[in-house]
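Everything below concerns the one structure shown next.
The values are calculated or read from the model by the stated rules, or taken from the named source; none is laboratory data. None of these values were measured; they are calculated from a predicted model. Note: ideal-geometry Cβ built from the backbone for every residue, glycine included; neighbour counts use all protein chains shown. Surface areas here come from the heavy atoms of the whole protein model, side chains and all, with no ligands, DNA or RNA. Shrake-Rupley method; radii C 1.70, N 1.55, O 1.52, S 1.80 Å.
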Amino acid sequence: MQVVPLSEGAFTVDKTKLFVPFDPAKDDLQARPFGSLLVEVQPFAIVTREDVLVLDGGLGFERQGMLQLHQNLQNAGILPDQVTKVLVSHLHKDHSGGLGREERPGGPRVLSFPQARYYIQQKELTFAFDKGFPSYLTEELECLRDAPQVELLDGNGVIDGYIRYELTGAHCPYHQAFWIVEGGETFFFGGDVAPQWQQMKNRFLAKYDFDGKKSMELRKAWWEKGRKEHWTFLFYHDILNPVVRPDA
């Protein structure tokens, strides 16, 4: 399998839940509002024998009239129409903005990957519309409702025999994690329950989690199991270490 990080850049986010671009070469974290977190926003592409997978959808920003997620894929030699599956950990705005796009400015949003099937927890989609702003931008999620390409999941399961998904909750009530297993390799994507490498190695209780204690315990269990079984970890919010293959 081939994994491609699709970085949209570094950002700070504070209690307003606004994502403000951050240039590590010239910006000062101390100059940002107190409590600001420095994060990368980084979907992934995985090319398997059967599929081209995209994991989460980024912020949905455009550059020069093109969805940044599409541009990042093309930079890696992958056309958006080649994507066959989109795996969605949860629908917070920094993970779902690029799942859809406007075909024309001010027009209705359509799915960004029309040839792909999208895999989303059904209760997460319902919760997103119930909860709404500022964590969820429901106007960006409308294109997911009733779209025939969207497969709504219920709990745990397996997709096409090699992609396992597990309803974890923890970060938000209906968050899910994914394991992609092929040819003796396991790629693990824990979304925002396991967003950064350092959090896996330290007992870190995050105030922004729905259930911080459960997140902390899941990270510990995943890290220990992954080290023994030689998983490759994918970290959506890690500035320096998006892909980590720990030694046993």
Original post:
Taking square-rooted eigenvalues a ≥ b ≥ c of the alpha carbon gyration tensor, is the stretch 197-239 rounded, prolate or oblate, where a/c under 1.5 means rounded and, failing that, a/b exceeding b/c means prolate?
Top reply: oblate
Original post:
GNM, the chain, Cα, under 10 Å: largest mean-square fluctuation among TYR119, TYR136, TYR162?
Top reply: TYR162
**OP:** Could you check how much of the accessible area of the chain is carbon and sulfur, as a whole percent, using a 1.4 Å probe?
**Re:** 50 percent
Original post:
Given charges of +1 on the Cβ of Lys and Arg and -1 on the Cβ of Asp and Glu, with all other atoms neutral, how large is the dipole of the stretch 110-248 about its Cα centre, in debye to the nearest 20?
Top reply: 660 debye
Subject >> Cβ-placed point charges (K, R +1; D, E -1), dipole of the stretch 1-123 about Cα centre in debye, nearest 20 >> reply: 340 debye
Subject >> Accessible area per residue, Å², the stretch 162-233 with all protein chains present, probe 1.4 Å >> reply: 45 Å²
Original post:
Arranged from highest to lowest average of other beta-carbon atoms within 10 Å per residue, in what order do the peptides 46-52, 206-212, 176-182 appear?
Top reply: 176-182, 46-52, 206-212
Original post:
Among the DSSP beta bridges whose two residues both lie in the stretch 106-245, what percent are antiparallel, rounded to the nearest 5?
Top reply: 70 percent
Original post:
Direction-averaged shadow area of the convex hull around the Cα atoms of the stretch 1-129, nm²?
Top reply: 9.4 nm²
Subject >> Shape of the chain, Cα gyration tensor, a/c cut at 1.5 >> reply: rounded
Subject >> Pairs of alpha carbons in the stretch 119-182 whose separation is greater than 15 Å (percent) >> reply: 54 percent
**OP:** Specify the residue with the greatest mean-square fluctuation among PRO80, PRO134, PRO105, computed from a Gaussian network of the chain linking alpha-carbon atoms under 10 Å apart.
**Re:** PRO105
Original post:
Quick one: net charge of GLY155's neighbours, Cβ under 11 Å, K/R +1, D/E -1?
Top reply: -1
Subject >> Anisotropy class of the stretch 50-89 from Cα gyration tensor, a/c 1.5 cut >> reply: oblate
Subject >> the chain - share of DSSP beta bridges that are antiparallel (%, nearest 5) >> reply: 75 percent
Original post:
Which residue, MET216, MET200, MET66, has the most motion in a Gaussian network model of the chain that connects Cα atoms within less than 10 Å?
Top reply: MET66
**OP:** Using only alpha carbon positions, build the gyration tensor of the stretch 171-226, then give the equivalent ellipsoid semi-axes as the square roots of 5 times its eigenvalues, largest first, whole angstrom.
**Re:** 21, 13, 8
**OP:** Please give the per residue accessible area of the stretch 1-119, computed with a probe of 1.4 Å over protein heavy atoms only, in Å².
**Re:** 47 Å²
Subject >> Computed [θ] at 222 nm, deg cm²/dmol, the chain (DSSP H ≥ 4; -39,500 (n - 2.57); rounded to nearest 500) >> reply: -5500 deg cm²/dmol
Original post:
Can you list the lysines whose alpha carbon is less than 25 Å from that of LYS220, not counting same-chain residues fewer than 8 positions off?
Top reply: LYS201, LYS207, LYS228
